[in-house]
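For reference, the structure discussed in these notes is given below.
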Amino acid sequence: MFEFRGSPVSVRPDLRFAYTSLWGHFSRPGPTLDGQQRVALLTSVRDRAAEETARTVGIEHPLGLLADTLYHDPTTVDGDLVRSAADASGDPATVEVAALVSMLSSVDGTHRALGADLEPLPETSAGNPTGEIAEGLKRRRTHLPVPPGPIPVMFDLLPYEGAVYQGLFGPQYMTGWEMALDTFRRSPGLDRAQMELVSSRTSIHNECFY
Amino acid sequence: MLRASSSAFEYGLDLDALRDPAIPTGVPGGNLLLRLVDAVLVRTEPLEPVHGGIIGELGPEALVDAASVFGNFEMMNRVAEVSGIPIPQQGIDRNQGLIDRLDIGGFVKH
């Protein structure tokens, strides 16, 4: 698993471990979807077919459309698209799908940048959705109910999904502590300024102001 | 973060390179890193020569780091879009010069 076939370089172990763990997370029941639904959704999303197969996955078409759009055309995601999905499928399912698709995008993005074949999605694990949903969160001029705070807490309506998402930062970019250091560098590897060039250019292409 | 870190490393960063990657960034290997992002997202060129350039100038580990940072921001950008996290007006006002310079005013969505 995570051999990065086609990459001209070997990938460091912490990144491979993070992705292997994430694949296990995808395969297991989430707050509103079971493992089979989660993997079926992500499989469809890669083929831009989540809207078409939404009902077979167990979600409504607007949420499938959001999933496809978020993965393939993120610059066109807007409040109307997100709210349509949430109105049809509920906030928790919408947040779960948004988290899954966003995290898949990071793994697939890393593979594409290395010229590696995409990793096949995992076999699924049995079990019912967990129902682990935080209470009391509201839309704060946002499209979805979120706590006050920055981008890393945007999925905290679903605490476990939020924790998994935050766990990807360190291996892919920097931990929270490391982000406080303007002089952070991986050795061997990139320094902070070089990393921020990559992040900035990516964000410009994705039309993300942050 | 880019400006602060470039200053900390005493690089002569030219922010205009973010808008036009033909302009030297002033950061070691910086233009190769921009080319990598463009090659993946906009298919400006094949990956192989960019990979070779990064490996030759910065080392194989740097290519892995660049790819994983790219992956991370593919994720973070989507999270920002789908959550609709608002951009504080103070931040916009404080960075208006940079916004104009990079021509990213259109990224502020409502």
Check: Within the group B:37, B:27, which residue is outside any helix (DSSP H, G or I), at pLDDT 85 or above and surrounded by 14 or more Cβ atoms within 10 Å (Cβ to Cβ)?
Finding: B:27
Check: So, in segment A:116-162, of the ones that are away from chain B (no Cβ under 14 Å) and not in a loop (DSSP other than H, G, I, E, B), which residue ends up farthest from residue B:84 (Cα to Cα)?
Finding: A:160
Check: at negative phi and either among the acidic types (Asp, Glu) or in a helix (DSSP H, G or I) (or both), is that true of residue A:81?
Finding: yes
Next item on the list: Give the residues of segment A:84-115 that are over 21 Å from residue A:169 (Cβ atoms) and either polar (S, T, N, Q) or in a loop (DSSP other than H, G, I, E, B) (or both), sorted by residue number.
Entry: A:84, A:89, A:90, A:94, A:115
Next item on the list: Scan segment A:11-28 and give yes if some residue there is more than 23 Å from residue B:79 (Cβ to Cβ), more than 14 Å from every other protein chain (Cβ to nearest Cβ) and outside any helix (DSSP H, G or I), otherwise no.
Entry: no
Item checked: One residue from A:195, A:179 being farther than 23 Å from residue A:46 by Cβ, out of contact with any helix residue (DSSP H, G or I) (no Cβ under 6 Å at 6 or more places or on another chain) and not small (Gly, Ala, Ser) -> A:179
Notebook entry, point to check: Which members of segment A:136-152 meet the condition of being touching a Lys or Arg at 6+ places or on another chain (Cβ under 9 Å) and either among the aromatic types (Phe, Trp, Tyr) or exposed (fewer than 10 other Cβ atoms within 10 Å of the Cβ) (or both)?
Noted result: A:148
Margin query: For segment B:15-38, give me each residue that is farther than 18 Å from residue B:55 by Cα, touching a residue at least 12 places away in the same chain (Cβ under 8 Å) and more than 12 Å from the chain's Cα centre (by Cα).
Written below: B:26
Notebook entry, point to check: Are there any pairs, at least 6 apart or on different chains, whose C-beta atoms fall under 7 Å, with the first in segment A:179-198 and at the interface with chain B (Cβ under 7 Å from one of its Cβ atoms) and within 17 Å of residue A:11 (Cα to Cα) and the second small (Gly, Ala, Ser) and part of a helix (DSSP H, G or I), and if so, which?
Noted result: A:189/B:62; A:190/B:62; A:190/B:66
Margin query: Suppose we keep only residues that are more than 11 Å from every other protein chain (Cβ to nearest Cβ), more than 18 Å from residue A:31 (Cα to Cα) and surrounded by 19 or more Cβ atoms within 10 Å (Cβ to Cβ) within segment A:54-91. Which one would you say is nearest to the chain's Cα centre (by Cα)?
Written below: A:68
Note to self: Given the options A:117, A:156, A:108, name the one that is modelled with pLDDT under 95 and acidic (Asp, Glu).
What the structure shows: A:156
Next item on the list: State all residues of segment B:44-80 that are surrounded by fewer than 17 Cβ atoms within 10 Å (Cβ to Cβ) and at pLDDT below 95; if no residue qualifies, say none.
Entry: B:44
Check: Since residue A:174 meets every condition but one in (1) assigned to a loop (DSSP other than H, G, I, E, B); (2) away from chain B (no Cβ under 11 Å); (3) of a type in the set (A, V, I, L, M), which condition does it not meet?
Finding: (2)
Next item on the list: With respect to residue A:95, determine if the residue is within 11 Å of chain B (Cβ to nearest Cβ) and on the phi < 0 side of the Ramachandran plot.
Entry: yes
Item checked: Number of positions in segment A:153-173 that are buried (at least 19 other Cβ atoms within 10 Å of the Cβ) and of a type outside the set (S, T, N, Q) -> 13
Notebook entry, point to check: Looking at residue B:64, is it in contact with a Gly (Cβ under 8 Å, 6 or more places away or on another chain), in contact (Cβ under 8 Å) with a residue 24 or more places away in the chain and at the interface with another protein chain (Cβ under 7 Å from one of its Cβ atoms)?
Noted result: no
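The values are calculated or read from the model by the stated rules, or taken from the named source; none is laboratory data. Note that the structure is a prediction, hence the values are computed from the model and not measured. Don't worry about glycine lacking a Cβ; one is built from the backbone with ideal geometry, like all the others, and counts go over all protein chains shown.
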